Each structure stands twice: as C-alpha cells, then as structure tokens.
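Written below as structure tokens is the structure these notes are about.
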Amino acid sequence: MPPGARRTRPCDACRKRKTKCHTEDSERVCVLCRFHGQRCTYEQNPRPRRRTVSSAESISGYRTGLSPHTTRTIPGTGVEEYDALPDGTTLLKRTLGLQNLHHSQYLGVNNSLNVCGLNLKNSVHANVRPENCIKVRYVHQDHAFKILSDASVPVNADETSVLDAIESSVYGHGPDLVDLYFRIVHPAFPILHKQVFLEKYARSYREFSPPLLAAVYLLASGYWSYSDSLNTKSKPPTEPLKRLALDSLHIAMQRAKLSTIQACLLISQEQATDFRDASSETHLSMTSQLVQLAHRLGLHLDAAEWDIPEWEIGLRRRLSWAVFMQEKWLALVHGRPSLISSETWDVGTLEPEDFPETDEDDTVGSSEVEKGRLVFMHMAGLAEMLSDLLVDLFSPRAQRLIRSDSNALVGLLERIKPLQIRLKDWFATLPEGLKKDTATSMKLSSVGYLRLAYLAIEASIHRQITLTLVQCPQTDSQLITICRNAARERFTNAFDFLNGLQASHLASFWYLTSPECAATIYHLGSLLETLAEDMEEKENLGQMLKACRWAFKVNREAGASFTRHALSLLDASERVTVISTGESSEHDYVLGGYQADGRRRSASPNSKVGSHQWMLLQNILKSSY
C-alpha cells in the first residue's frame with residue numbers, strides 16, 4: 001500500500017492500542033511503531049461500528065428481536081424484577097447492571113463454573129433443588145455473568161432505613177437537589193443515565209442504591225445558591241450525609257452494581273471539593289477498589305455487541321472511561337504505578353450516541369450540555385495519552401532506564417517525542433469551543449478542567465526534562481538554556497490560563513484531580529525559580545509564583561473550590577524537610593548537578609550538542625499549546 005493511502009487509517013498496532021496513528025512525511029512506519037521497534041502493518045480490517053439506534057428503540061430502551069439468554073447451570077429463578085413491569089413503562093427491562101434486587105458478576109474465560117463457550121442452557125440436574133441453583137446470563141456468545149440475589153449477601157444494615165435517613169438529611173429538598181444535579185453536575189460529568197434515574201426517582205427514592213442517592217445530593221448541595229427554590233432556604237449540614245454516603249458505599253461494594261461504580265466516582269469527586277477529605281491515600285484506596293469493582297462488572301470490556309438495552313451499552317462505556325480516567329490521573333498526580341493496562345482494558349472509543357441527553361437547560365447558571373459532552377470525550381482521549389506517558393516516562397522501569405542511560409537527555413527526548421506529537425495533534429483537533437476561554441452567556445462551562453489537565457501533562461513532561469538536566473551536570477550550557485526556555489514557555493502558558501479563568505469557569509464543575517494539576521504547574525515554576533542562573537530570571541519567576549498564589553486565593557473566593565485544595569497542597573510542599581541519614585548532603589540528592597544556591601556546576605569543556613539532540617529539541621520546542 002502506498003504511503004499516502006496508509007495515512008488514511010490507523011495501523012494494526014495503533015488500532016489495538018486505540019491511539020492516533022501518526023506517520024511523518026516520506027515515512028512508511030508510524031511514530032509509535034518506530035519508537036517501539038515493531039512492524040507497522042495494515043492487515044486487520046476495522047471493527048464494525050455499532051449500528052445506529054432507531055428512534056423507536058431509543059424510546060423503548062432495548063433492541064428488538066433479541067431475547068435475554070439465561071443459562072441455569074443449576075437453575076435459578078427466572079425473570080428479573082424490572083422485567084415484570086408492563087411494556088412501555090420502564091427503560092430497565094432486561095438491564096444487566098442496574099437490577100433492583102439482584103447483582104451480577106462477570107465470568108471470565110477461565111471461570112470456575114466453566115460456562116464460557118459451551119451451550120449449557122438449562123443443563124440442570126434433575127435432583128437439584130431450585131433454591132440451590134446458580135443463575136448465569138449470557139450477553140454474548142463469549143461473555144456471561146453470574147446473577148446473584150442481593151439477599152444472598154447479608155449486610156449489617158437495612159437499606160430502606162438508610163435511604164430514609166438520607167432523604168431526611170436533606171430536609172425534603174431531594175427533588176430540587178436532583179434537578180440541580182442534572183442542571184450543573186451531570187452535563188459536565190455524564191456518568192448517570194438521566195432518564196433512568198428520573199424514572200426510578202418518580203416511583204420512589206427507595207429504589208436507589210443509598211450511596212448513589214447520597215452522592216447526588218452531596219454534589220448538588222455544592223450549588224445550592226444556583227436554585228431559585230433553594231437559595232432562600234437554609235442549607236442542611238452535609239456532614240451527616242457524607243457519613244451515610246461512605247458507610248453505605250462500603251456495604252454496596254459487597255453486592256456491586258453499576259450504581260456502585262457511579263456512587264464511588266461521585267463520592268471521590270465530592271471528597272476532592274473539600275480538602276479536609278481529600279487525602280491521597282483515601283483517593284488511591286477507593287480507586288483501587290473502583291478498578292476491582294469495574295472488573296467484576298465487566299466494565300473492562302466493550303459491550304457494543306452485548307444483548308442488553310442500548311442505553312446500558314452507552315452507559316457502560318461512559319462508566320468504563322470514567323474509571324479509566326480517574327485511575328490514570330490519580331496515578332500521575334500521586335506518583336503511583338497505574339493499575340490498568342491497555343492489554344486488560346478493551347473498551348471502545350466514546351461516540352456521540354453514547355450520550356443520550358442533548359437538550360440544553362436554559363435556566364440561568366446551568367452547565368452547557370453539548371460542551372460538557374465534548375469535554376468528557378476529549379478528556380478520555382487525553383487519558384489514553386496519559387496512559388502511555390505513565391508507562392513510557394514515569395513507570396519505575398522507564399525511570400531506571402533514563403537514569404542509567406549514558407546520555408540520559410537524548411534517551412528522555414526520544415521517549416517524549418511521540419508523546420509530544422500526539423499531544424500536539426490532540427490540541428490541534430480540539431473543537432474551537434474547547435480552545436477558547438469564552439462561555440455561553442449566563443451558563444457555566446466545564447472547559448476549564450480539560451484545559452488544566454492538558455497543561456498539567458505538559459508541565460509534568462517539562463518538569464521531567466528539567467530534572468534530567470539537573471542530573472546531567474556535563475550537559476552543554478546552550479542545551480540547558482534551550483530546554484529551560486521550553487519549560488518556562490509551558491509554565492507561562494499555564495500561568496496565563498489560570499489568570500484568565502472567567503467566572504463561568506470558576507463556578508463550574510472541576511475534575512477531582514484539578515487541585516493537583518494546578519499544583520503541578522506551580523511546582524514547575526518553582527523548580528525553574530530554584531535553578532535560575534541569574535537574579536533577574538529568579539525575580540521574574542518569583543513574581544509569577546506570587547501572582548499564581550494570589551490567583552488561587554482570588555479564584556477560591558470567586559467560587560472555584562478546587563483552588564482551596566491547591567493552596568493546601570502548596571502550603572504542604574513548603575513544609576517539606578529532608579532527613580539527612582549520612583555524610584552526603586541532601587542537596588547531592590535533591591539538586592544533583594546544581595549547587596545548593598541553584599547555580600549549575602561547571603560543564604565539561606568537551607561537551608557538545610549533537611545534531612540528533614538538536615533535531616529532537618526542535619520537535620519538543622514546537623509548542624502544542
């Protein structure tokens with residue numbers, strides 16, 4: 001196939017990795033395949049796209065002509081409770097992940113029940129009592145779930161009593177809080193299915209998983225003043241609701257459903273808005289459990305061809321990406337190894353039809369629905385690149401190889417180049433509405449958290465370059481200057497962004513790692529100030545850092561709760577002290593090739609900048625902002 005034709009579709013490796021395939025001019029091998037030293041082939045056919053959903057099917061909520069395949073290896077009860085409701089009255093018929101009195105567990109290829117790939121439908125021993133049967137539901141010829149009664153998992157709490165306590169804690173304002181949630185939070189973070197939620201809520205709040213109902217109320221309470229019906233009333237204390245949410249979440253995890261995943265995501269998000277609850281270990285522990293629950297519920301797989309309602313296929317895909325994003329971002333900002341690999345997480349790319357809600361709410365102070373959908377989709381794409389960054393740059397093995405390289409800077413730049421190209425392409429293909437800082441009049445815009453996340457990745461990369469320069473004291477001074485200028489450019493761009501945030505951004509929804517992203521940008525500037533080689537540069541960077549802190553304080557007062565946590569992170573970093581346990585000075589470890597006063601130690605007089613280094617640097621210096 002000629003090179004020109006190859007560029008019209010991704011190669012086999014990039015399609016498998018679900019990454020953008022970039023081939024440079026006159027090259028026949030894409031950047032990523034060349035980087036990984038593998039064959040660049042175009043032999044596999046593209047996966048067929050999921051068929052378009054008709055309007056009738058969208059309303060009814062499931063695909064016609066298909067019946068649920070329930071295999072009773074040792075037979076179970078039969079119909080799920082929502083299936084007993086009259087046709088046309090519910091979207092929840094044939095749901096897999098949101099059953100009312102049952103929960104499901106994915107059965108992998110080597111499961112102990114030995115059901116995958118065999119036709120075991122109704123293979124029941126005659127002498128087996130019905131109450132002892134194990135119920136298995138096939139959703140695809142290759143995928144099956146064990147269906148369990150909630151009652152089979154005893155818990156130390158009465159769910160109805162917990163739900164009543166949650167409802168009482170909001171003083172009867174539940175309906176207004178639900179309305180507020182779907183006006184402001186849901187458009188920016190679409191992990192619920194609005195119609196399904198409202199259908200259940202219209203019947204009874206007792207139909208919900210307690211932690212999910214509590215989490216919705218908690219996040220909506222943060223926007224209390226944005227409701228005309230609530231802003232004249234006293235806001236109930238949220239501490240009782242927080243306790244109920246966390247206690248009930250631990251119980252729900254024992255019989256997990258999609259609502260448990262939703263609750264876990266929202267509670268993590270709520271904790272991030274209050275720096276008192278936002279300890280790194282709390283987030284990391286909950287996210288570890290979240291990944292395990294996602295595996296149990298089959299969210300690591302693409303459900304496009306499963307025999308479940310169409311709305312649930314889209315919901316599962318959104319939840320899969322929400323889990324993926326949270327795990328990747330927490331791994332970056334807390335410096336931990338990632339728990340998810342591309343080999344074990346096989347979920348299709350988000351598509352517009354995965355987001356059923358398109359109607360904009362014209363109420364003043366609502367979030368932009370269309371823009372929120374685009375933000376979520378592009379945040380997922382950014383998380384894909386972040387996933388590779390965590391492996392290729394920040395994994396323990398990558399860090400060891402970089403440090404042990406005789407020319408660490410060149411090795412680092414070679415690792416960074418394909419990632420920088422992808423970042424540049426990602427930003428270049430952003431819709432104009434996500435590049436600009438403007439928002440629709442009297443609407444809240446969630447674009448801020450996407451832009452901040454992108455800038456934090458840039459800052460993380462250039463912080464690593466700067467630290468590598470510190471550890472390579474023999475590097476040519478001209479090369480040092482070029483890399484430092486590139487890092488300062490990224491810091492300046494991010495500084496301008498933070499200073500330019502408008503009220504419509506500040507008061508909107510911010511992602512749970514936004515505080516750490518802001519702190520990452522600040523730390524890049526702080527590192528550059530520490531290593532400044534003249535007083536003028538040091539003073540300029542010092543003034544920018546002071547202005548950055550001031551912007552955080554002002555934005556906090558303007559309603560951006562994430563800046564309060566960001567300030568607490570900056571304060572904590574200033575209290576760090578290094579414990580000296582030997583004769584070596586702590587500066588030998590912290591500053592590497594720099595003296596304690598920030599001046600660089602003398603470079604070797606024979607050090608030269610090779611042409612290969614210059615070529616790599618020119619690619620990195622092309623700003624992707």
Failed item, numbered, when Ala532 is tested on (1) hydrophobic (A, V, I, L, M, F, W, C); (2) crowded, with 20+ Cβ neighbours inside 10 Å; (3) touching a residue at least 60 places away in the same chain (Cβ under 8 Å): (2)
Residue list for the stretch 362-381, filter: within 20 Å of Leu506 (Cβ to Cβ) and in a loop (DSSP other than H, G, I, E, B): Thr363, Val364, Gly365, Ser366, Glu368
Tally, over the stretch 290-338, of residues that are more than 13 Å from the chain's Cα centre (by Cα) and in a loop (DSSP other than H, G, I, E, B): 16
Number of the exception - Tyr522 against (1) buried (at least 21 other Cβ atoms within 10 Å of the Cβ); (2) within 30 Å of Ser367 (Cα to Cα); (3) more than 25 Å from the chain's Cα centre (by Cα): (3)
Of all residues making up the stretch 184-211, the number that are hydrophobic (A, V, I, L, M, F, W, C), under 18 Å from Ala245 (Cα atoms) and either without any contact (Cβ under 8 Å) to a residue 60 or more places away in the chain or not assigned by TED's automatic domain parsing to the domain that holds Asp228 (or both): 2
Hits in the stretch 136-162 (condition: of a type in the set (Val, Ile, Thr), surrounded by fewer than 18 Cβ atoms within 10 Å (Cβ to Cβ) and closer than 21 Å to Leu96 by Cα): Val153
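Rundown of residues vs (1) touching a residue at least 60 places away in the same chain (Cβ under 8 Å); (2) among the charged types (D, E, K, R); (3) out of contact with any helix residue (DSSP H, G or I) (no Cβ under 7 Å at 6 or more places or on another chain), yes/no style:
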| position | (1), (2), (3) |
| --- | --- |
| Gln326 | yes, no, no |
| Ser341 | no, no, yes |
| Thr349 | yes, no, yes |
| Thr358 | no, no, no |
| Ala383 | yes, no, no |
| Leu390 | yes, no, no |
Within the stretch 170-188, considering residues that are out of contact with any helix residue (DSSP H, G or I) (no Cβ under 7 Å at 6 or more places or on another chain) and buried (at least 19 other Cβ atoms within 10 Å of the Cβ), the one nearest to Ile251 (Cα to Cα): His173
Scope the stretch 521-535; condition of a type outside the set (Asp, Glu) and in contact with a strand residue (DSSP E or B) (Cβ under 7 Å, 6 or more places away or on another chain); matching residues: Leu531
Any pair with Cβ under 9 angstrom, 6 or more apart, that starts in the stretch 255-269 at a residue that is outside the structural domain of Leu512 (by TED's automatic domain parsing) and ends at one that is part of a helix (DSSP H, G or I) and of a type in the set (Lys, Arg): Ala256/Arg296; Leu258/Arg316; Ile267/Lys242
Qualifying residue in the stretch 211-228 (condition: of a type in the set (A, V, I, L, M) and touching a strand residue (DSSP E or B) at 6+ places or on another chain (Cβ under 9 Å)): no
Hey, Gly314 in contact with a strand residue (DSSP E or B) (Cβ under 6 Å, 6 or more places away or on another chain) and touching a residue at least 40 places away in the same chain (Cβ under 8 Å) or not: no
Looking only at the stretch 311-344, and only at residues there that are closer than 22 Å to Phe145 by Cα and modelled with pLDDT under 95, the one that is surrounded by the most Cβ atoms within 10 Å (Cβ to Cβ): Thr344
Residues that are assigned to a loop (DSSP other than H, G, I, E, B) and either free of Cβ contacts under 8 Å to residues at least 60 places away in the same chain or within 16 Å of the chain's Cα centre (by Cα) (or both), drawn from the stretch 277-289: Ser279
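The values are calculated or read from the model by the stated rules, or taken from the named source; none is laboratory data. Just so we're clear, the structure is a prediction, and the values are computed from it rather than from any experiment. In this analysis, Cβ positions are derived from the backbone assuming ideal geometry, glycine residues included, and neighbour counts consider all displayed protein chains.
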